[in-house]
Amino acid sequence: MSYCVNPQCPNPENPDTATYCQNCHSPLILQGRYRLLKKVGQGGFGKTFLGVDEQHPLKLPCILKQISFSTLDPESHHTTTRLFRREVMRLGQLGQHPQIPLLLAHFQYNQNLYLVQEYIQGLTLKQELQQGLFNEEQIWQLLRELLPVLKFIHQRQIIHRDIKPENIIRRTSPPINYQKPPYLPGENQVVEKSEKMGEFVLIDFGVAKLLTGTALISTGTVIGSPEYMAPEQTRGKALPASDLFSLGVTCIHLLTDVAPWDMFDVVNDCWRWRDFLPSGSSVSQGLGNILDKLLENSVSQRYQTAEQVLEVLESRSSIVRQPVESIESLALVNQKLSVLPSVRSLVGRFIPQVLTLDENELISAVGVEYGKLQYLLAVQKWREADIETWAVLCDALGKRRKSYLFQNDIDNLPCEDLLTIDRLWVKYSQGRFGFRVQKQIYESVDEDYGKFCSQVGWLTYNLHFRDRGYKFTSWAPVGHLPSRIWAGGQQWWTHAEVMAKKLDKCGFSTINN
């Protein structure tokens, strides 16, 4: 079906082969490229459509947002268009985050403004809630995955203003590559992914939100869904803490499936969400305390930033560990423990193994220094450690850092250096990450690269930003790290096979040796 965007059209539905509306004769393919299939949403500033890119050889789906200011006078409309073009660039920057839809295009047609965004395949949390209540572990997961997104947008002076279950999607298929056909041989075996493996994507970043506070839309304009709004937002003032409030309301709604307003005690001016938990269920004190602070009516009593909440989550998820400020302090801790064997045995029960790795294990056949990689892994800076891994692989081969590695490069990699890199990853991740872990997974799926990617949570194609699509967290899927950002060549996807063979040649193929 093709859908007509003319708001005065009496019957907007048309056959999918039509190029002009059969009722009002308006063009059905906008910009000579985008065909609208159906309307999927409507708000105060316009409508949202599911569309298809007719110019792409695979007819890829996309989301088109129609922003209408039809009641404005010509001068105000000109101001609107100018602000739209300026602010839409900020929306494009947000789309570089893997959990925010990409902005693909924007244009003006018949006095309306249009955004074309990435189509996210999956269920919203509102749809998931219809299948059953969320449990505590699912709420922890939601907080862990969504708070970094809020940190990202808030650092760019953007406030979402409308966080609710309808605006959070759990991605159920790999992101679409809109630049070129994404398919590799055998990819049809990959796309069936469990919803539990999908990442949360925050949607509905409308330009109306970006324009708030400009001359066009005053500070007092209220944007959002009232029952999820922070008190200050209902009065037209939104802060980063307002998004945190809405996230808290979203969490208690997912735990209870009770309308938020029904859980608020207006007499005592407080939330009673625990009273609405299912019979026989409860929430731990740790999670309860976090939700209570997210839901504080007073901004001063609430978490101020997403980073503050993440620090609380980190303290919960970490094994009790002593902070390490530098490589030197890490070495000092090791030295002190080594001279007191009895104390070392006792402390080892409370300080993770990452602080007691023997320096003699940092072996290199060509003089590569692995102290920085050791430190980054010790403090679980997974993204930085992944980049450093690429760097030391290049160092071990005598190549310029951030050079892509090909099959012959892996064949020539000194076994001592490969063993050191792998041992660091395996040990500091408690056996979750490392080349040997990936080798075992690759062999367990009969060396099928598509199935391997599905197991470790990777895309089967490379994006323009090569580190996009990875989860640099301790709870990423087993084998997810180190990433393949270093893999080059026309058949880069053979890296798993090449690395597995290299590990066999070097004589270490299990996690325990």
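If you take the residues of the stretch 366-395 that are modelled with pLDDT of 90 or more and in contact with a Ser or Thr (Cβ under 7 Å, 6 or more places away or on another chain), which of them is farthest from Ser429 (Cα to Cα)?
Result: Cys394.
Can you tell me how many residues within the stretch 361-386 are buried (at least 21 other Cβ atoms within 10 Å of the Cβ) and within 26 Å of Val478 (Cα to Cα)?
10
Here's a check for you: in the stretch 210-259, which residue that is surrounded by fewer than 20 Cβ atoms within 10 Å (Cβ to Cβ) and farther than 30 Å from Thr81 by Cα is modelled with the lowest pLDDT?
Here the answer is Glu227.
If I filter the stretch 394-421 down to residues being touching a Pro at 6+ places or on another chain (Cβ under 9 Å) and not β-branched (Val, Ile, Thr), which single residue comes out as surrounded by the fewest Cβ atoms within 10 Å (Cβ to Cβ)?
Within the stretch 394-421, the match that is surrounded by the fewest Cβ atoms within 10 Å (Cβ to Cβ) is Leu397.
Can you name the strands (runs of 3 or more DSSP E) wholly within the stretch 94-177 that have at least 2 residues being β-branched (Val, Ile, Thr)?
168-171
Could you list all residues from the stretch 405-433 that are closer than 17 Å to Glu497 by Cβ and touching a residue at least 60 places away in the same chain (Cβ under 8 Å)?
Those that are closer than 17 Å to Glu497 by Cβ and touching a residue at least 60 places away in the same chain (Cβ under 8 Å): Leu405, Phe406, Gln407, Ile410, Asp411, Leu413, Leu418, Asp422.
Only one of these is under 25 Å from Arg171 (Cβ atoms) and β-branched (Val, Ile, Thr): Ile441, Ile410, Ile421. Name it.
Ile441
Pick from Asp257, Asp243: which is within 26 Å of Gln155 (Cβ to Cβ), acidic (Asp, Glu), in contact (Cβ under 8 Å) with a residue 24 or more places away in the chain and assigned by TED's automatic domain parsing to the domain that holds Leu202?
Answer to the check: Asp243.
Every residue, every condition in (1) over 23 Å from the mean Cα position of the chain (by Cα); (2) outside the structural domain of Asp257 (by TED's automatic domain parsing); (3) on the phi > 0 side of the Ramachandran plot, yes or no:
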site: Pro101; (1), (2), (3): no, yes, no
site: Tyr114; (1), (2), (3): yes, yes, no
site: Lys126; (1), (2), (3): no, no, no
site: Leu129; (1), (2), (3): no, no, no
site: Gln138; (1), (2), (3): no, no, no
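From (1) in contact (Cβ under 8 Å) with a residue 24 or more places away in the chain; (2) assigned to a loop (DSSP other than H, G, I, E, B), pick out the condition that doesn't hold for Asp446.
The failed condition is (1).
Restricting to the stretch 105-117, give me the number of residues that are out of contact with any His (no Cβ under 6 Å at 6 or more places or on another chain), touching a residue at least 60 places away in the same chain (Cβ under 8 Å) and crowded, with 20+ Cβ neighbours inside 10 Å.
Residues that pass the stated criteria total 3.
For the stretch 398-449, what are the residues that are basic (Lys, Arg) and either in contact with an Asp or Glu (Cβ under 9 Å, 6 or more places away or on another chain) or outside the structural domain of Trp493 (by TED's automatic domain parsing) (or both)?
Lys399, Arg401, Arg423, Lys427, Arg436, Lys439
For (1) touching a helix residue (DSSP H, G or I) at 6+ places or on another chain (Cβ under 9 Å); (2) of a type outside the set (S, T, N, Q); (3) surrounded by 15 or more Cβ atoms within 10 Å (Cβ to Cβ); (4) modelled with pLDDT under 50, each residue gets a yes or a no:
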{"residue": "Asn268", "(1), (2), (3), (4)": "no, no, no, no"}
{"residue": "Arg274", "(1), (2), (3), (4)": "yes, yes, yes, no"}
{"residue": "Ser279", "(1), (2), (3), (4)": "no, no, no, no"}
{"residue": "Val299", "(1), (2), (3), (4)": "yes, yes, yes, no"}
{"residue": "Lys336", "(1), (2), (3), (4)": "yes, yes, no, yes"}
{"residue": "Leu346", "(1), (2), (3), (4)": "no, yes, no, yes"}
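The values are calculated or read from the model by the stated rules, or taken from the named source; none is laboratory data. Nothing here was measured: the structure is a model prediction, and the numbers come from that model. Using ideal geometry, Cβ is built from the backbone for each residue, glycine included, and neighbour counts are taken over all protein chains shown.
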